[in-house]
Amino acid sequence: MTEPATPTETPELPIDSTVIEDLMRQQGEAMQAMFAPFLPTASTPPPGPADMQHWAMSAAKLQKMWLDFGAEQVGQVEPVAARIADPARWTSLFSTWYSAMPLAQAETQAKLWEDGLELWTTVLGRYGIGSAASEAKDAPLPRKDRRFADPRWHDQPWFALLHQTYLLLAERLTAMAEDVEGLTPERQHQVQFFTKMVVDALSPANFPMTNPVVIERTLETRGENLVKGVEHLLADVRKGQLTHTDPEAFELGRNIAITPGKVVHETPLYQLIQYSPTTENVLAVPLLIFPPWINRFYILDLNPKKSFIRWAVEQGLTVFVVSWKSADASMADILWDDYVRAQVEAIDVVRERLGVPQVHTIGYCVAGTTLAATLALLARRGEADKVRSATFFTAQVDFEKAGDLKSFIDDSQIKMLESMVTDGYLDGRYMAATFNLLRGTDLIWNYVVSNYLLGEDYPAFDLLHWNGDTTNLPAKWHKAYLEDLYRDNRLVMPDSLEIDGTPIDLRLIATPCYIQAGREDHIAPAESVWKLTRLLSGPWRFLLAGSGHIAGVVNPPEAGKYQYWLNDGTPTTLAEFVEGARETKGSWWPDWIAWIRAEDAATVPAKGKRAPGGRGDAVIEDAPGRYVKTR
């Protein structure tokens, strides 16, 4: 009979008591130095009545704010905030994550203990504490992270030990998630993503009593930073959304989205904006831009220096842009067919308005995915010649490797999203929270520290203003999109999907295509965007831009930032493309406009309806129109 295996025991690793004594002594001295301005000494009197009154006022303000908020929220909790922060949901996610990780195994715990003890010895030695004091004194800390770049994380042994231990644990947890076995690729990706969420959330920088910068600010302001921070926090809870920028700093049509133009066509789903020419002659073939409806179109018109729309107008293009309506109850039955039909209609409206046979098109993100379906539909119907060229900004059609967003796409997540639907639409704040989670350190916890703990004033940042300007989504479209494309990847299956009664086969697309991907794009990874090249029947040009989903697109030449890569060979994979690519510094926009002109360089005078709102041209209103302002 085989003897039962004995459990692995965690080894006992003795710690010299003098190490602990030295640590406590040095930390005590460091804390004395930090608190010195606020503690009485022989030469410094204790805090006076004014100081004590200041602290008391801060405490009273905090207490009153919480009491007022509690009374205000009785029976009327903001539904978006309540659903996003639902404890049961997060507990379930954490339990599922923990069960997949080997954290409870004795071997794992023993290895963590050994690594931790080695780290402590190294870090304490830097401060002259313990057996490694002579070798490690004044040596750099073993791990670096920009969240702990402030010298106050390094000046004191306790805070150095704290953040270095956190970075060690973060490193080990990330490695565990990457090596976990017995899971499907989709499930493993979810475990990796949730591990990152947990690691980001547990940073000692995110808590007031473990962040030396926050402690010092609190002492300096006598608690006023926490008062201001709680004001920010409660305001965000009331509106169900994290605030990134000064909400009063920007106004559409005043200092953002200000390129001159007119709304020339309108339907219940979109407005069509035509921008006023700034050149005497314009290219004969106009440009029609389809931005994503999960965001506002003015990401392409933030300000004159960053505006792709303004720049395209200055290059001699007649530019039209679709401004999608944020979903409401009237759009409960909107499906993907409706968005494809809207693209076809907009193409026809522009052709008829200017009396031209063809248009150039751009599709950004989900609107680029939709543009691919539109092109396939037109090809099947024998109407492909309506589109002279198609440009895709960070757009996916094959969702096999669709990046971090796939972590939110399984049957349980889709069912959870269904429970959040109100009046047939999904509140845009849910999508905003999802996209923020993809970059939790930058878009969530960075602002928890600055807004809530340090109580800093909001910056005026146009990109972050746009990022927080959410749009609601039709629930039926959203559910079908997640299921048919992200989950089941049906768009790349010939004739698997029908739109407006027409089977869709992307292999029919022979329209010349310009495909832009972002090298660091976490929403539409470059490898996923590349897959469109494998499906097209016509000529294509693939360009890999530096940066990600937004900055990789919105990169004006004047900024002199980033770079892009092209490959004149015949690569069949993204890896082959990168291996043989040539790098060019700066913006890729000049390469794109050269490609557009090579497609058709004919020009016409910028007269008549080429200049919207002239004599006899009935327009609806000035750009940027009403729909972009609808919440």
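The values are calculated or read from the model by the stated rules, or taken from the named source; none is laboratory data. Not measured: the values here are computed from a predicted model. In this analysis, Cβ positions are derived from the backbone assuming ideal geometry, glycine residues included, and neighbour counts consider all displayed protein chains. Accessible surface is based on the protein model in full, side chains and every heavy atom, while ligands, DNA and RNA are left aside. Shrake-Rupley method; radii C 1.70, N 1.55, O 1.52, S 1.80 Å.
The accessible area of T584, taken with all protein chains in place and a 1.4 Å probe, comes to roughly 50 Å². Each residue of the range 513-529 is assigned a 3J(HN,Hα), and the resulting list reads 10, 10, 10, 10, 10, x, 4, 10, 6, 9, 9, 10, x, 4, 4, 6, 4 Hz, derived from the Karplus form 6.51 cos²θ - 1.76 cosθ + 1.60 (θ = phi - 60°), x at Gly and Pro. Taking all protein chains as shown and a probe of 1.4 angstrom, R238 keeps an accessible surface of around 100 Å².
Under 5 Å between amide hydrogens, built in the peptide plane, is the criterion, and for N281 it picks out A606 among residues at least 5 positions away or on other chains. Extending 7 Å from Cα along the Cβ direction at K111 and again at S330 yields two label points whose distance is 6.0 nm.
Amide H to amide H distances under 5 Å link T603 with A284, where only residues 5 or more positions off or on other chains count and H is placed in the peptide plane.
The string of couplings for the range 577-591 from the Karplus curve (6.51, -1.76, 1.60, θ = phi - 60°) is 4, 5, 4, x, 7, 10, 9, 10, 6, x, 6, 8, 4, x, 5 Hz, one whole number per residue in order, with x for Gly and Pro.
Just by accessible area at a 1.4 angstrom probe, what is the order of M331, M176 from largest to smallest?
M176, M331
For Y514, the residues 5 or more places off, or on other chains, whose built amide H falls under 5 Å of its own are A390, T391, F392, R541. Counting only protein heavy atoms, what percent of the accessible surface of the chain is carbon or sulfur at a 1.4 Å probe? In the chain, the share of accessible area belonging to carbon and sulfur is 55 percent. Beta bridges assigned by DSSP with both partners in the chain are antiparallel in approximately 50 percent of cases.
For the pair D348 and K629, the difference between a 0.36 nm per residue extended length and the Cα-Cα distance amounts to 98.6 nm. Paramagnetic label reach from L202 (point 7 Å along Cα→Cβ; backbone nitrogen cut-off under 15 Å): within the range 152-196, residues 162-178, 192-196. Applying a DSSP loop filter and a limit of 16 other Cβ atoms within 10 Å to the trypsin sites (Lys or Arg not before Pro) in the range 293-356 leaves K305.
Only Lys, Arg, Asp and Glu carry charge here, each on its Cβ (+1 for the first two, -1 for the last two); on that basis the chain has a dipole of about 2040 debye about its Cα centre. Taking every C-alpha pair closer than 8 Å and separated by at least 6 residues, the mean separation divided by the residue count of the range 536-631 gives a relative contact order of 21 percent.
Which lysines have a Cα lying under 25 Å from the Cα of K64, excluding residues fewer than 8 positions away in the same chain? Leaving aside lysines fewer than 8 places away in the same chain, those within reach of K64 are K228, K239.
The residues of the chain have, on average, 46 Å² of accessible surface per residue, using a 1.4 Å probe with all protein chains present. Using Cα Rg over 2.2 N^0.38 Å as the read-out, say which of (1) 1.00; (2) 0.94; (3) 1.12 was calculated from these coordinates. Comparing each candidate, only (3) matches the computed number. A simple rule links phi to the HN-Hα coupling: the Karplus curve 6.51 cos²θ - 1.76 cosθ + 1.60 with θ = phi - 60°, which for the range 406-417 gives 5, 5, 9, 10, 8, 4, 5, 5, 5, 5, 4, 5 Hz, with x for Gly and Pro.
Think of the chain as having a plus end and a minus end, set by charges on the Cβ of Lys, Arg, Asp and Glu; of G424, I515, A618, A618 sits farthest toward the positive end of this dipole.
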